[in-house]
Amino acid sequence: MIQEISLQAIQGVRIGNAENTRGGTGCTVLLFPHGAVCSVDIRGGAPASRETALLDPVATAETVHAVLLSGGSAFGLAAADGVMRYLQEPGVGFATRCGPVPLVVGSCIFDLPCGDIVYPDAAMGYAACRHSEENAPQEGNYGAGTGASVGKIAGVSRMMKAGLGMFAVQSGALQVGAVMVVNALGDVLSEKNTVLAGLRTPDGGALASTQQYVWEHMEAVSTIFTGTVENTTIGAVITNGGGTKTQMKKVAAMASNGLVRAVSPVNTTADGDSIYAASVGKVPASVDEMGILASYAVTCAVRRAVRCATGAYGIPARRDLIKNK
């Protein structure tokens with residue numbers, strides 16, 4: 001039997017947000033003060049990422065100290081400098097003869113159509129770390145979800161606001177949580193496989209279907225995605241289950257399956273879909289146990305990302321369309 005829990009119930013991780021609402025961008029950081037065994041699964045064709053080579057099972061470093069999820073496209077990777085500085089101050093990092101070197105991995109979404117052109121920087125990354133001291137991150141239009149949107153295959157005039165979503169579950173002593181930033185090309189689907197948020201009808205007043213749009217334009221499918229490499233769903237799953245980097249690689253892959261249930265279409269060449277998996281505990285658990293719970297948590301977190309979002313920057317959210325009916 002599984003039960004929903006708060007992400008804060010998982011020990012060994014702190015989560016913080018920082019954002020610039022005028023600029024329509026922000027970042028979310030997951031800090032592991034004592035380190036986390038971590039790997040990543042990248043299925044999208046257009047990722048913007050940092051230090052992913054560290055997560056290869058053959059890489060020397062056994063743990064990382066933070067995962068950064070950021071807006072700003074590749075420019076947003078600069079926020080990791082602030083995360084490194086925050087971790088360096090108390091001496092957190094990979095031990096070297098010249099002092100500790102914090103290991104920070106990260107991925108970004110393309111949120112530049114929202115607000116002014118502002119990029120997350122070192123100051124914003126540091127601010128997110130300071131916010132993590134409260135360990136009470138908000139969902140929706142916060143952190144890396146500030147400028148997130150979905151349903152963009154027909155252009156910005158028909159897309160919808162999305163954001164940051166979180167969800168965690170427990171089975172016995174095993175805990176697994178997910179933090180997801182939803183900025184997909186496609187739609188987010190409900191438990192009944194209906195569209196929660198995504199492409200809107202040409203008049204903007206109702207939900208449409210990206211999948212249907214693709215079918216209707218199948219003769220031009222080879223060019224549909226040209227110039228639309230501005231999307232991605234990124235996130236991280238955290239577990240108190242013990243695991244090696246090889247095992248976390250498989251957990252991350254299973255977690256990515258949660259996107260298949262919640263986003264359609266998914267993992268396209270126009271998306272940079274990436275999910276990290278981090279172990280912060282030693283609870284005995286199989287890869288399958290952790291992976292199954294991770295997949296479920298990802299699905300639920302993605303749906304929360306659009307249910308918690310509010311309309312902004314002239315882009316309506318799901319609650320706006322429902323309110324207007």
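Tabulated results
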quantity	calculated
Condition check for Val280: under 19 Å from Ile15 (Cα atoms), open to solvent by 10 Å² or more (accessible area, probe 1.4 Å), over 16 Å from the mean Cα position of the chain (by Cα) and at pLDDT 95 or above	yes
Subset of the stretch 15-65 [touching a residue at least 40 places away in the same chain (Cβ under 8 Å) and assigned to a helix (DSSP H, G or I)]	Thr52, Leu54, Leu55
The stretch 85-129, residues that are under 28 Å from Ser6 (Cα atoms), touching a Phe, Trp or Tyr at 6+ places or on another chain (Cβ under 7 Å) and either without any contact (Cβ under 8 Å) to a residue 60 or more places away in the chain or not hydrophobic (A, V, I, L, M, F, W, C) (or both)	Tyr86, Leu103, Tyr126
Only one of Pro47, Pro33 that is farther than 16 Å from Gly82 by Cα, open to solvent by 40 Å² or more (accessible area, probe 1.4 Å) and modelled with pLDDT under 95	Pro47
Out of Ser171, Ser157, sole residue that is out of contact with any strand residue (DSSP E or B) (no Cβ under 6 Å at 6 or more places or on another chain) and under 21 Å from Gly235 (Cβ atoms)	Ser171
Count of residues meeting criterion [open to solvent by less than 10 Å² (accessible area, probe 1.4 Å) and within 28 Å of Thr21 (Cα to Cα)] in the stretch 283-315	8
Subset of the stretch 89-128 [β-branched (Val, Ile, Thr) and in a loop (DSSP other than H, G, I, E, B)]	Val92, Thr96, Ile109, Ile117, Val118
Residues (at pLDDT 95 or above, of a type in the set (A, V, I, L, M), open to solvent by less than 10 Å² (accessible area, probe 1.4 Å) and more than 30 Å from Gly242 (Cα to Cα)) located in the stretch 160-194	Met160, Ala162, Val188
Cβ pairs under 7 Å, 6+ apart, first in the stretch 272-290 and under 23 Å from Thr28 (Cα atoms), second modelled with pLDDT of 95 or more and of a type in the set (Phe, Trp, Tyr)	Ala278/Phe32; Val280/Phe32
Residue list for the stretch 103-117, restricted to those being among the β-branched types (Val, Ile, Thr), open to solvent by less than 40 Å² (accessible area, probe 1.4 Å) and more than 16 Å from Ala46 (Cβ to Cβ)	Val104, Val105
Selection status of Leu321, hydrophobic (A, V, I, L, M, F, W, C), outside any loop (DSSP other than H, G, I, E, B) and open to solvent by 10 Å² or more (accessible area, probe 1.4 Å)	yes
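The values are calculated or read from the model by the stated rules, or taken from the named source; none is laboratory data. None of the values given here were measured: they were computed from a predicted structure. Here Cβ is always computed from backbone atoms with ideal geometry, including for glycine, and neighbour counts include all displayed protein chains. These area figures cover heavy atoms from the full protein model, side chains too; ligands, DNA and RNA do not enter into them. Shrake-Rupley method; radii C 1.70, N 1.55, O 1.52, S 1.80 Å.
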